[in-house]
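Bear in mind these aren't lab numbers, they're just calculated from the coordinates by the rules spelled out. These figures come from a predicted structure and were not determined experimentally. Using ideal geometry, Cβ is built from the backbone for each residue, glycine included, and neighbour counts are taken over all protein chains shown.
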Amino acid sequence: MSSIQIRNTTKQFGALTAVDNLNLEIENGEFVALLGPSGCGKTTTMNMIAGMEHPTSGQILFDGEDLSDTRIQDRGVGFVFQNYAIFTHLSVHKNLSYALEVTRVPPSEIETRVNAMARRMNIEHRLQQKASTLSVNEMQKLAIGRSAIAEPRIFLLDEPLSNLDSVFRAYMRSELKVLQHEFKQTMVYVTHDQIEAMSLADRIAVIDKGVLQQFGDPLEVYNDPSNVFVANFIGSPSMNLIEGTLAVSEGKPELALGPLTTIGLDDMRFATLVERSAGNRLVLGVRPEFIYTGAKRTAGDIALTGVIDVIERIGPKKIAHVQMGGFEIRINSDDPDLRPGQQVEFCLPASKCLLFDADTGNRIRI
Amino acid sequence: MASISLSNVRKNYPKFDLGPIDLEIKDNEFFGVFGPPSCGKTSILKIILGLVSPDEGNVFINGADATDARANERNIAMVFQNLALFPHMTGRDNILFPLRERGVPVEEAEKQLARVSEVLHISHIIDKTPDKMSGGERQRIALGRAFVRDPAGFLLDEPIAALDARLREEMRVELKRLQREGNHTFIYVSHDEEEVLGISDRVAVVEDGCVAQVGTPDEIYDRPSSIYVARIVGSPPMNFIEGRFSTATGEFVSADSHLRIEIAPPHVVDNPRVIDATIGVRPENLAVSRGNSDGTITGTVLSVEPLGSFTIIDVAAFDGAVIKARLPGQITFDDGAEIRLGFPGSAVHLFDADGRRYPAAPAALPEAE
């Protein structure tokens, strides 16, 4: 149970900068997800927190204390990896008790804690069996249990759910959240899966190419992305990102997508865009669930027409992929009458449109 | 273009028995094969491809018995999960390889290459070697190598599993487009429910070497034939509650009597009776309300997962059962908030003691034991 301070931390491997001047303040008892595509530097960051890698520059502190000279095993860090790291030749009991034996906890207390944890993880009937006899799902429970039992100051989890089947993954997601509430442990969770990050974390650090893109709670990164990368990475199906050139016609801004397609930005929200230079490349972003079919509900909404290309059914949702002048727009619609090949009129609600600078990717706040 | 069918196909492996399997895959169909890892999906593909011969049963391609035909006589192309591109060859040489192997004249081969490049939009990458390509580009080259033979059908075994999430979403729609534009027969194997159900015309759900259900994605999602199918399709998974069902009153009562729901209008049956049953209700079909409004049961909110376009809540209900509900939009609850859950009878799935959908079909109520 510690807070973690990552200050101006950079990690270089030769010419490669894996982590670039990272600053993160993780609070005591907080569940933080490090989220990004493979190679973004999230695992390197975790390894530096653990002490397995040393920052090239900058500091990592626990409760404000510099642990650079503390041995890894004395830092009070618990680990859960994707590949379990379980002693398969030992019994379930031994796997659980090992960390306590190493730290010389009295035998009677070990027994109590092992039994409590086994009950907690629903594997008490397996205690005397070899870990190799466990199912994949039970192994991951054991892996979490054997780390949690030592009551570490911080808990690091590296893609712990990625080998599990989807039903069990959903179950473990809930379970991890309950565990964290129970133990009030600081958890740092590395994942490339935005759904996992959204559903588990108190706050998400979105990382790309070693650089922190945004640090905020799940709905903050979803509703208010700071740049195109975050907008595109968070959410499924992904946000529609429509790139075009800014023009002004009769005092109103427009976005020219191509020689034949222009989107009028009539709503008052967009009025300040006329102060920007015509010719600016902009990206208009709108999430599929905000787009509606049929006539405009609000005067400033952007009405468009396209042809439905493919309709996907994803659980209770239907996602229509609509072709419009060489662009594809994804619409998450509950309209049961949509069919492939059909022409469809739809609207982008002005109040839900986000704008980005196409060159820098940064959000334009209007 | 091909129709492919399997009739009573069986194959015994040392640790695993496949079949009997009956499948009819129509000409130009995008046919999904879905199931958890090692349920027998890939074995079915190998039998269709001719890499494995069945112990019993027949494989028909375009109506002709192809059971004894060798793989290279079946004219079916396979795209593997690991793509199996030659790393030292350019995209062009990878695509041309199967034609060169068959001694197709250079001029004809180039013509095929041009056709495939246009369809797959790969002209700008075919001179690169695979290590210089992105995951999506490699994927397209692998498809190109399958397409260039102009095969009767395509088998795709988890073809996009190795790509990252965003690219997978794009590629699966692209595959659907390719299949439809070219009028190809696709057999698409995956353990990813969202992927298979998203783009297939019909899907076979495989359980332990047998086909549990075949149907359109809507049929499988809305009318799963068994608890097994209901459980592996849908995320978060369906909620299940055990209890008893009266065929006379159409009422279900949970094992601990906390939950009573009118599921179906009473069936007119000769011998009304009460059966052991399980009900399933999808998280999005639960009616969630706050406070004291109408609802079937009360519960407390354990946790809230905000996923942006929807919200999942875990609710502790009677006897410690945890029920998951999915609500559209962004909704906040305090931890421990008291809520009510309604179980709309029309959205409740009923299964008998063997885990089969009940009644299997309106006219087919089984007799009492």
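Around A:Val80, what is the net charge, scoring Lys/Arg as +1 and Asp/Glu as -1 over all other residues with Cβ under 13 Å from its Cβ?
Once positives and negatives cancel, what remains is -1.
State whether the stretch A:127-169 is rounded, prolate or oblate according to the following rule on the C-alpha gyration tensor (a ≥ b ≥ c being the square roots of its eigenvalues): a/c under 1.5 gives rounded; otherwise a/b larger than b/c gives prolate, and the remaining case gives oblate.
Note, shape of the stretch A:127-169 comes out oblate.
What nm distance separates the two modelled labels at A:Asn23 and B:Phe16, each placed 7 Å from Cα along Cα→Cβ?
Reported label-point gap for A:Asn23 and B:Phe16 is 5.3 nm.
What average number of partner chain Cβ atoms lie no more than 10 Å from the Cβ of the residues making up B:174-186?
1
What is the average number of partner chain Cβ atoms found within 10 Å of a Cβ in B:231-237?
Mean number of neighbouring Cβ atoms from other chains: 5.
In the protein assembly as shown, with Lys and Arg counted as +1 and Asp and Glu as -1 at Cβ, which of these residues, B:Phe245, B:Ile141, A:Met198, has the Cα nearest the positive end of the dipole, that is, farthest along it?
B:Ile141
Tally Lys/Arg at +1 and Asp/Glu at -1 over every other residue whose Cβ is under 11 Å from the Cβ of A:Val283; what's the total?
Net charge around A:Val283: -1.
Please report the spacing between the Cα centers of the stretch A:146-221 and the stretch B:151-187 in Å, no decimals.
So the separation of the two Cα centres works out to 31 Å.
By count of other Cβ within 10 Å, fewest leading, how are A:Lys184, A:Lys209, A:Lys317 ordered?
Going from sparsest to densest Cβ surroundings: A:Lys184, A:Lys209, A:Lys317.
Which of B:Leu6, B:Val119, B:Ala69 sits farthest toward the positive end of the charge dipole of chain B, with +1 on the Cβ of Lys and Arg and -1 on the Cβ of Asp and Glu?
Sorting the options by dipole projection puts first B:Val119.
Please check: in the Gaussian network model of chain A (C-alpha springs, under 10 Å), which one of A:Leu90, A:Leu282, A:Leu35 has the largest mean-square fluctuation.
Top of the fluctuation ranking is A:Leu90.
Per DSSP H run of at least 4 residues, take -39500 (n - 2.57); add these up for the protein assembly as shown, divide by its residues and hand me the 222 nm value, nearest 500 deg cm²/dmol.
That comes out to -7000 deg cm²/dmol.
Just A:Arg287, A:Arg75, A:Arg120 to compare: in a GNM of chain A, with alpha carbon springs under 10 Å, which one fluctuates most?
A:Arg120
Taking 51 Å as R0, compute the FRET efficiency from the Cβ-Cβ separation of B:Arg70 and A:Ala271 and round it to 0.05.
Calculated transfer efficiency: 0.15.
Could you pull out every whole DSSP H run in chain A that spans at least 15 Å of Cα extent along its own axis and averages -1.0 or higher on the Kyte-Doolittle scale?
Once both thresholds are applied, what remains is A:92-102, A:107-120, A:136-148, A:166-183.
With +1 on each Lys and Arg Cβ and -1 on each Asp and Glu Cβ, and nothing else charged, work out how big the dipole of chain A is about its Cα centre, in Debye to the nearest 20.
700 debye
Can you give me the long-range amide H partners of B:Leu307? Hydrogens built in the peptide plane at 1.01 Å from N, cutoff under 5 Å, separation of 5 or more residues or another chain.
Long-range HN contacts for B:Leu307: B:Ile312.
Can you return the lysines within cross-link range of A:Lys296? Criterion is Cα-Cα under 17 Å, with same-chain partners fewer than 8 residues away left out.
Cross-link targets: A:Lys352.
Of A:Phe87, A:Leu24, A:Ile60, which is farthest along the charge dipole of the stretch A:1-120 in the positive direction, counting Lys and Arg as +1 and Asp and Glu as -1 at C-beta?
Result: A:Phe87.
Using a Förster distance of 51 angstrom, determine the FRET efficiency expected from the C-beta separation of A:Ala15 and A:Thr293, and round it to 0.05.
0.50
Just the number, please: percent antiparallel of the DSSP beta bridges in the protein assembly as shown, rounded to the nearest 5.
Percent antiparallel among DSSP bridges in the protein assembly as shown is about 80.
For A:Leu260 and A:Arg75, compute 0.36 nm times the residue count separating them, minus their Cα-Cα distance, and round to one decimal in nm.
My answer for the length gained is 60.4 nm.
Which residue, B:Ile232, B:Ile261, B:Ile95, has the most motion in a Gaussian network model of chain B that connects Cα atoms within less than 10 Å?
It is B:Ile261.
Using the Cα centre as the reference, give the magnitude of the dipole from point charges on the C-beta atoms of the stretch A:270-366 (Lys, Arg: +1; Asp, Glu: -1; all else neutral), rounded to the nearest 20 debye.
220 debye
Kindly put A:Ile366, B:Ile61, A:Ile263 in sequence by how many other C-beta atoms sit within 10 Å of each C-beta, fewest to most.
So the residues, fewest neighbours to most, are A:Ile366, A:Ile263, B:Ile61.
Across the stretch A:288-296, in residue order, what do the Karplus-derived ³J(HN,Hα) couplings come to in whole Hz, using 6.51 cos²θ - 1.76 cosθ + 1.60 with θ = phi - 60° and x for Gly and Pro?
Along the stretch A:288-296, the couplings run x, 6, 8, 7, 10, 8, x, 7, 4 Hz.
Under 5 Å between amide H atoms, partner at least 5 residues away or on a different chain: which partners does A:Gln213 have, H built in plane at 1.01 Å?
For A:Gln213, whose amide H was placed from the backbone, the distant partners under 5 Å are A:Val206, A:Ile207, A:Asp208.
Is the shape of the protein assembly as shown best called rounded, prolate or oblate, per the rule: a/c under 1.5 gives rounded, else a/b larger than b/c gives prolate, else oblate, with a ≥ b ≥ c the square roots of the Cα gyration tensor eigenvalues?
Rounded.
Please give the charge dipole size of chain B, origin at the Cα centre, charges +1 on K and R Cβ atoms and -1 on D and E Cβ atoms. Round to the nearest 20 debye.
920 debye
According to the square roots a ≥ b ≥ c of the eigenvalues of the Cα gyration tensor, what is the shape class of the stretch A:211-311, taking rounded for a/c under 1.5, prolate for a/b larger than b/c otherwise, and oblate for the remainder?
oblate
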